[in-house]
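Encoded as C-alpha cells, the structure appears first; notes follow it.
The values are calculated or read from the model by the stated rules, or taken from the named source; none is laboratory data. A quick note: this is a predicted structure, and the numbers were derived from the prediction, not measured. Glycine gets a Cβ as well: all are built from the backbone with ideal geometry, and neighbour counts include every protein chain shown.
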Amino acid sequence: MHATTEQLLSLRDGAPVAELTAAHVRTCPTCRQELEDLVEMRARLRALPEVAPPAASWDAIAAQLACGPARPGRTTRHPAWSWLAMAASITLALSLLWIVDDDPADRPAPGTTTDLVASTPAPSNSVQGGQATALVQTSRELEAALRALPAAPRVTRASTALTVAELEDGLMQIDAELNRQGLPPEKEVALWRQRVGLMDALMQVRYAELAETY
Amino acid sequence: MKAHEVLYRGYSRAVFTLASRILDDAAQAEEVLQDTSMEIIRNVAGFRADAAFGGWVKRIATNKALAHLRSAWHRKGRRFADDEAADPAMAGSVQSDVAIGVADQERLARALAVLTPTARAVVWLYDVEGFSHEEIAALMGKSVSFSKSRLARAHQKLRALLAEDEEVQPCMRQPNSC
C-alpha cells in the first residue's frame, strides 16, 4: 500500500514516520516520485516572485500617523492609540517640523498630532526646556527602535560601515557636550535636536542596510 | 525619507506578498500591510532586541491576514471562488484560464488562487513562510492534524490543477491541431 500525501510530507520535512512506511517509500518508485514532486512543489512555491505593494500605500500610512485616529469605519478595531503610537506619531511629526522649519503658514493646525508636539508642556524653567523634553523623548524612541533592529549583516559595505562610524562618532561628541555642566538651555535644545537628527540618519542607514538582506 | 518610511521600505514587499498570496485580493492585502505597519510603528519601541525582527513582522502580518480570512466580508467575497473550486465544471474553466498563461510561475500562482482560502493559507504559511504545523494550528485556532490534512489536500489539489493544465496547454498553443 502506497504512502499517503500526509506521510510523504512528513518524510519530506523530516518529521517522524513509521519505519514500515519509510521502508516502503525507499523501494517504491511511485511513492519516491510523489515525494520528489512534493519537494519540487515547495521549491516552486518559494520561487514565486514577491508582489510589490501599490506605490501609494505608504502615503495612507503616513496620513494615519500624521492625523492620529484610525480611518473611519475601523475605529472599533483600534479604539484608542497607545502611548507608544502617540510617541511614534510625535517622532514623525517632529521630523516634519524640521522640514517645514518655522514658516508660519506651515504651523500645525490646532488639535493635530503636530500641534500636540508644539504644545507639549514645558518644564517650569523655560519654553526651551519643553522642546528639550520632546527631543529627549524622540531620541529615546529612536534609540529603542535602533536596538530593536536585528544585527547588521556579516558583510557590510565599506561605505555603509564608514557612514555608521561617522554618525556614531557624531553622537559620541554630542553626548560629551550634553554631559557638560552649566549648558545654556538654548544650546542644550540645539544639541538634542542634532542628536535626534543623527539618530534618525543612523536608523535610515541601518534600515537601508537591512532592507537589502530582508 | 524618514525613519518610519525606511522601516516600511524594508518589510513592505515581504508583508504584501504574504498577504496577497494568502488572501488573493490586492485591496485586502494592502489593508493588511497598513494594519501591520501601524502595529509595527506602535510597538517597535517595545520590541526585544534579542528576537528576530523579520519573524516578529511576519507574525504580525500573518495574524492580520488570517483575521481578514476569518472576516465575514472576506468569506462573502470568496464564496463563489470556493464554489468554483469545488465544482469540476467551473474548475475546468479556471484551468483553461490557467492554461493560457505561459510562465510556469504564473500557472502556479493561478493554481494557488484556485485553492480554498484556508488551504492556500496553510500551504503558504507552511511551505513558504516556514511556520510549523503547531504554529499554524495556534494561529488558526485549529488542531495540528487540521493543519497537516489541509496541507496534504492543498498539495494534491495543486498537483492535479497543474497536471491538467499541462494536458490542456498543448491544445491551447496549437488550436488547429486539436
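If I ask for residues that are facing another protein chain (nearest Cβ under 7 Å) and on the phi > 0 side of the Ramachandran plot, which ones from the range B:12-37 would you list? Hits for the range B:12-37: nothing passes. Taking (1) more than 9 Å from chain A (Cβ to nearest Cβ); (2) touching a Phe, Trp or Tyr at 6+ places or on another chain (Cβ under 6 Å) in turn, B:V57 satisfies each apart from (1). Scanning the range A:8-60 for residues that are at the interface with another protein chain (Cβ under 9 Å from one of its Cβ atoms), in contact with a helix residue (DSSP H, G or I) (Cβ under 7 Å, 6 or more places away or on another chain) and among the polar types (S, T, N, Q) returns a single hit, A:S57.
Looking at A:M203, A:M172, A:M199, which one is at negative phi, surrounded by fewer than 14 Cβ atoms within 10 Å (Cβ to Cβ) and part of a helix (DSSP H, G or I)? The unique qualifying residue is A:M172. Taken across the range B:38-47, residues that are under 16 Å from B:G130 (Cβ atoms) and facing chain A (nearest Cβ under 9 Å) do not occur at all. May I ask you to verify whether A:T30 is of a type outside the set (A, V, I, L, M, F, W, C), over 30 Å from B:L7 (Cβ atoms), free of Cβ contacts under 8 Å to residues at least 24 places away in the same chain and assigned to a helix (DSSP H, G or I)? Taking the combined requirement at face value, the residue does not satisfy it.
Taken as a whole, the condition of being at pLDDT 85 or above and more than 10 Å from chain A (Cβ to nearest Cβ) does not apply to B:R9.
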